[in-house]
Amino acid sequence: MPRRLPVATYIEGIRAGDRAVLSRAITVVESTLESDRSLTVEILNGLPRWTASSFRLGITGVPGVGKSTFIDRFGMHVLERGHRVAVLAVDPSSSLTRGSILGDKTRMEDLVRAPEAFVRPSPARGSLGGVTRSTREAILLCEAAGYDFIVVETVGVGQSEIAVHSMVDFFLLLMLAGAGDELQGIKKGIMEMADGIAINKADGDNQIRAREARTEYQKALHLFPPSKSGWQAQVVTCSGLKGEGIPELYAMLMDYRERMRGNEWGASKRQRQALQWMHETVRSSIEARFYADTRVKAELPAMEARVVAGEIAPTLAANDLIRLYLQREKKD
Ligand code: GDP
């Protein structure tokens, strides 16, 4: 059993903004142990909901696009504007490769040293569903600890962007100019989800190309149907290395925030995300209980073999298994 603190110690530490305790609480939240799951619920129950006043920014982009350099610079700017910044990461690579795309180097050197910032050094690991859940919970913990500007970073390689999009107020896509493939492996759907695109590394010889790319992406975005929010996704250029375009990007986020506050769709975005979270939790919990059921476990291999052999239709097999599970539930 991992060493854990008493519930009250987590709650008091988080409320006092103690980064070491916050870190340890996030470790609890990331754990899939049954005892840690109940501890998480107790911790969350003991914390106030300060979420309305925070801003949650999601950032994605392929490895090497400059995310950590950008977040370091941008985070320092946000601190200067009087916010407290927390950086969390969703890294779907780790469960497959055991290595981590986001956590393998010293990242965000200025931000990790800043007293008003909290950088979660190693990203959450595990299945995407598990990582999504724990990141959402970690956001709540950070907010309860007084961090009012939350950055959730992910790599632009797949499903994780959709997950991050569902937990943030603003979704920013970092891209490069002239890196060959027009969309750099970023699927059209990801571009469509973006509230903003920043063409990064717009410095030195790259400036002109960055401006050209900006025009190109702006045109591409105009082809998408208008968003329900009334917000037209914007394309900007920036350089995380030189700090250029950072104040403008911050101003854009604050502009977005003001507009969304005055607009019904924007004001209800967090409510919709909360509902989605609840339904996802219901689905995943029921699924987990189903597969953990001893009779289901006993029947499953034979049923799978019959489906593969074409002896039973998949739908019927599923119905049989579900019936078995529900009978079991009734008896419990
Ligand atoms: P990440 O993998 O997306 O987190 O990218 P990093 O922040 O680690 O940056 C990858 C590489 O690009 C590093 O060698 C950085 O020094 C470089 N880099 C990052 N941002 C910029 C930038 O704004 N301009 C230039 N020219 N290089 C940058």
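For this structure, a couple of remarks:
- Only helices (runs of 4 or more DSSP H) whose full extent lies in the range 256-332 are considered here, and the ones with at least 3 residues that are small (Gly, Ala, Ser) and under 35 Å from the mean Cα position of the chain (by Cα) are 269-292.
- Test: residue in the range 150-171 that is surrounded by fewer than 22 Cβ atoms within 10 Å (Cβ to Cβ), more than 16 Å from the ligand (Cβ to nearest atom), over 16 Å from the mean Cα position of the chain (by Cα) and at pLDDT 80 or above: no
- With respect to (1) at pLDDT 90 or above; (2) under 13 Å from Leu176 (Cα atoms); (3) surrounded by fewer than 17 Cβ atoms within 10 Å (Cβ to Cβ), the lone exception for Gly204 is condition (2).
- Set side by side, the residues Gly266, Gly243 differ, and just one is surrounded by 11 or more Cβ atoms within 10 Å (Cβ to Cβ), within 16 Å of the ligand (Cβ to nearest atom), in contact (Cβ under 8 Å) with a residue 24 or more places away in the chain and over 30 Å from Tyr325 (Cα atoms), which is Gly243.
- Among the residues of the range 105-136, just one is among the β-branched types (Val, Ile, Thr) and modelled with pLDDT under 75, namely Thr106.
- Taken over the range 66-98, the criterion of being modelled with pLDDT under 90 and within 19 Å of the chain's Cα centre (by Cα) is satisfied by Ala89, Val90, Asp91, Pro92, Ser93, Ser94, Ser95, Leu96.
The values are calculated or read from the model by the stated rules, or taken from the named source; none is laboratory data. Predicted, not measured: the structure shown is a model, and the values here were computed from it. Neighbour counts run over all protein chains shown; Cβ positions are idealised from the backbone, glycine included.
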